[in-house]
Amino acid sequence: MNFPSTIAGNAKHGMVTVKAVADIRDVAASAWDACAGSSNPSVSHAFLAALEESGSVSPQTGWAPQHLLLIAPDGSLIGAVPMYLKGHSYGEYIFDQAWAEAYERAGGQYYPKLLAAVPFTPVTGPRLLVHPDASTADLQRYLVDGCITLAHELGVSSLNFNFPDVNTWKLLGESGLLLRKGEQFHWHNKGYHTFEDFLLVLSSRKRKAIRKERIAALCDGEIKIEIVSGDSISDTHWDAFYSFYIDTSQRKWGHPYLNRQFFRQIGNTMSDHIVMIMAVHNEEYVAGALNLLGREALYGRYWGCLKDYPFLHFEICYYQAIEYAITNQITKVEAGAQGPHKIQRGYSPVYTYSAHWIRDNSLREAVSSYLKSERRAVDVEINWLTDHGPFRKE
């Protein structure tokens, strides 16, 4: 669907223009990345372009790009929002299917909707991208207004911001969007020098359990771990990893979201932001995890294994990620969505956020009431999990 109109706003620095584009390639990579910053590779032009150019994200897959752009009077890009017109709710990790079912039972049409997020990527990061030389607060509000205007023009049921950072979440609330909380589990580096340093902050029982798991995962030394990044990643690594991804995706979701071309493209365009942790058994790759490397965080994204090796998932996705972060002085590890089992392995509960504009007043009131109780429940759970975590009591 094309976006036919242009929205103008009178900012302190002059007239700005807001428009939507249906292809990330309509935006120069350098201009987009200047707004996106370098801290989180999931919002980089290279990552979003790989999703679109591979066909993993397209109108045919239910993800029609509608990236919002904020253009300065001189024609330069000073703001952007990665956004999609969605025909379903798959691949989002913020679940609104119950809202859709209730609305459609009442005679409404929930889809299409607008989603400001990174497809298939439950990673907290910037959603209102603003050039560092611009007035951030003013332009972020223009971006929010532009998104809402686009939602009206397209006649969608809702506009959703998934996994924004907390400051953006608060700004969205000030703009009238409904606020939602969720939960993930992250590991935080407190200046550890070695993995054993980290284990010392855990209770004795948890330390012993992790040491046993790590030995068992490697089958008494029969499985070797190989970590590759940058130019060290070869087609052999990608072919092996893709076979893991396909096998796991078909068992977990029924179909894979991403194709081989996507992985080939990010391997070519952003290998310096990729850390691949592979398991080798009898000289063959048998499992692996793909991580995105940001300025301060390691983001665990995809995992796969060709057969069942007890504890190998924990070793590759959690413990090896922690060791890599310690060695490379990375602040935290975000190991993906869900997973309370991560707590006993040294990960802590943290909040995730989303914000929602809903056109229909009746649906908006129902969702607002639900979110109030859900936020209280998330607060209670995070507080309880924090109090009953694996860390040694002083």
Inside the range 59-94, can you point out the residues that are within 22 Å of the chain's Cα centre (by Cα), within 27 Å of His131 (Cα to Cα) and of a type in the set (Ser, Thr, Tyr)? Tyr84
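Per-residue answers, yes or no, for (1) closer than 25 Å to Thr352 by Cα; (2) outside the structural domain of Ser38 (by TED's automatic domain parsing):
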| residue | (1), (2) |
| --- | --- |
| Val130 | yes, no |
| Glu153 | no, no |
| Ser157 | yes, no |
| Asn160 | yes, no |
| Trp169 | yes, no |
| Leu172 | yes, no |
| Glu196 | no, yes |
| Arg205 | no, yes |
For the range 295-338, how many residues meet the condition of being of a type in the set (Lys, Arg) and part of a strand (DSSP E or B)? 2
Give just the number: which of (1) part of a helix (DSSP H, G or I); (2) closer than 15 Å to Val81 by Cβ does Ala20 not satisfy? (1)
Residue within the range 95-110 that is under 21 Å from the mean Cα position of the chain (by Cα), touching a residue at least 40 places away in the same chain (Cβ under 8 Å) and crowded, with 24+ Cβ neighbours inside 10 Å present: no
Look through Ser56, Ser38, Ser30 and report the one residue that is at pLDDT 95 or above, within 19 Å of the chain's Cα centre (by Cα), among the small types (Gly, Ala, Ser) and closer than 21 Å to Met270 by Cβ. Ser56
Candidates Ile227, Ile266, Ile277 - the one that is closer than 21 Å to Glu334 by Cβ and touching an Asp or Glu at 6+ places or on another chain (Cβ under 8 Å): Ile277
The lone exception for Ser271 - which of (1) in contact with a helix residue (DSSP H, G or I) (Cβ under 9 Å, 6 or more places away or on another chain); (2) under 21 Å from Leu199 (Cα atoms); (3) modelled with pLDDT of 95 or more it fails: (2)
Quick one: how many residues across the range 246-283 are under 19 Å from Val118 (Cα atoms) and in contact with a Pro (Cβ under 8 Å, 6 or more places away or on another chain)? 4
Go through the range 314-342 and report how many residues are at pLDDT below 95 and out of contact with any strand residue (DSSP E or B) (no Cβ under 6 Å at 6 or more places or on another chain). 4
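Within the range 176-192, which residues are over 16 Å from Leu371 (Cβ atoms) and either of a type in the set (S, T, N, Q) or outside any strand (DSSP E or B) (or both)?
Start the filter on the range 176-192 by keeping residues that are over 16 Å from Leu371 (Cβ atoms), which leaves 184-192.
Within the range 176-192, Gln184, Asn189, Lys190, Gly191, Tyr192 meet the criteria.
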Can you find even one residue in the range 229-236 that is part of a helix (DSSP H, G or I), in contact with a strand residue (DSSP E or B) (Cβ under 8 Å, 6 or more places away or on another chain) and more than 23 Å from Glu283 (Cβ to Cβ)? yes
Any residue in the range 198-212 that is surrounded by fewer than 13 Cβ atoms within 10 Å (Cβ to Cβ) sitting within a Cβ distance under 8 Å of a residue that is not in a helix (DSSP H, G or I)? List the pairs, counting only those 6 or more apart or interchain. Leu200/Arg392; Ser204/Arg392
Can you find a residue that is of a type in the set (A, V, I, L, M, F, W, C) and at pLDDT below 95 anywhere in the range 245-252? yes
Could you tell me which residue of the range 364-394 is surrounded by the most Cβ atoms within 10 Å (Cβ to Cβ), considering only residues that are at pLDDT 95 or above, in contact with a Leu (Cβ under 8 Å, 6 or more places away or on another chain) and not hydroxyl-bearing (Ser, Thr, Tyr)? Val367
Give the number of residues within the range 282-292 that are surrounded by fewer than 20 Cβ atoms within 10 Å (Cβ to Cβ) and either among the aliphatic types (A, V, I, L, M) or modelled with pLDDT of 95 or more (or both). 3
Please go through the range 237-288 and pick out each residue that is part of a loop (DSSP other than H, G, I, E, B) and aromatic (Phe, Trp, Tyr). Trp253, Tyr257
When the range 219-239 is checked residue by residue, the ones that are under 14 Å from His313 (Cα atoms) and modelled with pLDDT under 95 are Cys219
Within the range 344-354, does at least one residue satisfy the condition of being surrounded by fewer than 16 Cβ atoms within 10 Å (Cβ to Cβ), in a loop (DSSP other than H, G, I, E, B) and either among the hydroxyl-bearing types (Ser, Thr, Tyr) or not assigned by TED's automatic domain parsing to the domain that holds Ala209 (or both)? no
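The values are calculated or read from the model by the stated rules, or taken from the named source; none is laboratory data. Owing to the predicted nature of the structure, the values given are computational and were not obtained by experimental measurement. Neighbour counts run over all protein chains shown; Cβ positions are idealised from the backbone, glycine included.
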